[in-house]
Every structure is written in C-alpha cells, then in structure tokens.
1. Would segment 71-212 count as rounded, prolate or oblate if I go by the C-alpha gyration tensor, calling it rounded below 1.5 in a/c and otherwise prolate when a/b exceeds b/c, oblate otherwise?
2. Could you order the peptides 122-133, 192-203 from most to least packed, using the average number of other C-beta atoms within 10 Å per residue?
3. Let's test the formula: R0 of 35 Å, r as the Cβ-Cβ distance of residue 233 and residue 55. What FRET efficiency results, to the nearest 0.05?
4. Which residues does the label zone of residue 63 cover in segment 143-168, counting backbone N under 19 Å from a point 7 Å along Cα→Cβ?
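Taken together, the values in this text are just the output of simple stated rules run on the coordinates, not laboratory data. Being a predicted model, the structure only gives us computed values, none of them experimental. Please note: Cβ atoms are built from the backbone with ideal geometry, for glycine as well, and neighbour counts cover all protein chains shown.
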C-alpha cells in the first residue's frame with residue numbers, strides 16, 4: 001500500500017490532535033467555578049471571557065484558602081486559581097466568594113498603624129483576618145491573593161493574626177507608598193539627582209522592574225520620556241487611592 005503524501009499525513013495528524021483534545025486548556029487559569037460534575041469542573045475566566053472544561057484528578061489535592069473549615073469543597077461560585085496542562089489540573093487554590101469589595105483606602109486609613117488596620121479588616125471581631133476579610137477591606141487579587149495569603153498564614157490557622165497581618169501590610173502597595181511623601185519617594189529614587197526619573201529610577205521607586213513598559217508610560221503624562229516630580233506625585237496618588245486617578 002502506498003504511503004500518503006506528506007501534506008496529507010500532516011493534515012490527518014492535526015485533525016487527530018484536535019479530536020483528541022489537544023486544544024484543551026493549558027497554563028494558569030483564574031476564574032469562578034460554574035459547574036461541577038464529579039472530577040470534571042468548568043471555570044469561567046472573566047479576563048478572557050472563556051469557560052474552561054477541566055479535570056481534577058485524585059492525585060491533585062486542592063488548597064482551600066482562608067478559614068474554609070465547614071466548606072472545604074469544590075463548589076459552584078467559588079473562585080479558583082488553577083495551574084493546568086492539557087485540561088488537567090495540576091494544582092488548585094480554592095477560596096470563598098468575595099461578595100462585596102470595599103477597598104477604597106481613605107485618608108484616615110493611610111494614616112493608621114497595622115494594628116489599627118487589623119481592627120478595620122477583622123470586621124467579625126474574631127481576632128483573625130480571614131481571606132475574605134483581607135480581600136474585602138485591604139487587598140483583592142484573584143490571581144495572586146490565594147497564594148500570597150497561604151504563604152502569609154504561617155501557622156496555617158486559616159486566618160492572619162496581628163503579626164502575620166503586619167507582614168502582609170508591608171507588601172500592600174497603597175500602604176507602602178503612603179509611608180513617605182511623594183517628594184521623599186522622588187528624592188530617594190533620583191540617583192543621578194537631575195530632577196527627573198528614568199525607567200531604572202522609577203523601578204527603584206516601585207521596588208520592581210515588573211511591567212515597567214506599562215507603568216512608566218502611564219506615569220509619563222507629558223510623554224517626555226522621563227518623570228518629573230509632579231508626574232511622580234500624581235502616579236503615587238493612583239497607587240494609594242487605586243479607585244481614582246486623582247483624589248484631593
């Protein structure tokens with residue numbers, strides 16, 4: 001029997017791969033569970049507006065984050081952060097739904113000590129700040145929040161005590177940036193003392209080079225290629241009060 005031409009062989013290979021599920025989800029998926037059927041779950045990813053059909057094998061143990069004592073289950077409506085390969089979940093973080101986010105740091109909040117903010121976040125007054133409480137009052141991040149909270153909950157109690165909470169606050173952008181005035185941030189970052197910040201100096205101010213090609217143009221309102229004190233001050237305001245670009 002004659003062998004098929006190369007182009008037909010490749011075509012049949014592509015069709016076979018598609019039929020066998022080669023187009024299944026891969027990588028990191030962050031979303032909300034919309035359906036559960038045994039080991040098969042569906043997750044809607046808001047950012048990509050796409051529903052992923054995934055399999056949770058018995059070999060993968062879910063990480064339930066934030067005082068899920070009575071609700072350690074895979075359930076519709078629960079947010080998840082799943083690392084997947086070919087539609088199979090390799091690791092998964094599950095959290096309770098965040099029904100209402102009221103994170104708009106007020107001028108009073110940015111002046112508070114970590115201990116005072118702990119009382120604000122611990123709105124059920126049980127002496128612990130749960131994942132839901134932290135996400136509601138201090139910092140919400142469906143992508144990074146579950147992992148960060150898990151690492152911060154050092155005693156694995158399901159909630160943050162005062163000491164653990166204080167360590168978290170040191171990493172919260174609006175809190176960190178409110179510890180100094182914009183002028184002080186500018187002065188400590190302007191290494192060549194020429195009165196403007198380049199990308200490298202702006203990275204020093206932010207404490208990271210990540211996403212600099214996004215953040216720097218956003219701060220450079222006059223598109224001059226560097227940042228003056230006014231531009232830096234305006235950008236810092238958006239970090240402290242992320243719900244608005246300007247706040248008087």
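1. It comes out oblate by the Cα gyration axes.
2. Working: 122-133: 18.2, 192-203: 15.3.
Listed from highest to lowest mean packing, they are 122-133, 192-203.
3. Values: r = 50 Å, r/R0 = 1.44.
With R0 = 35 Å, the Cβ-Cβ based efficiency is 0.10.
4. 143-161, 164-165, 167-168
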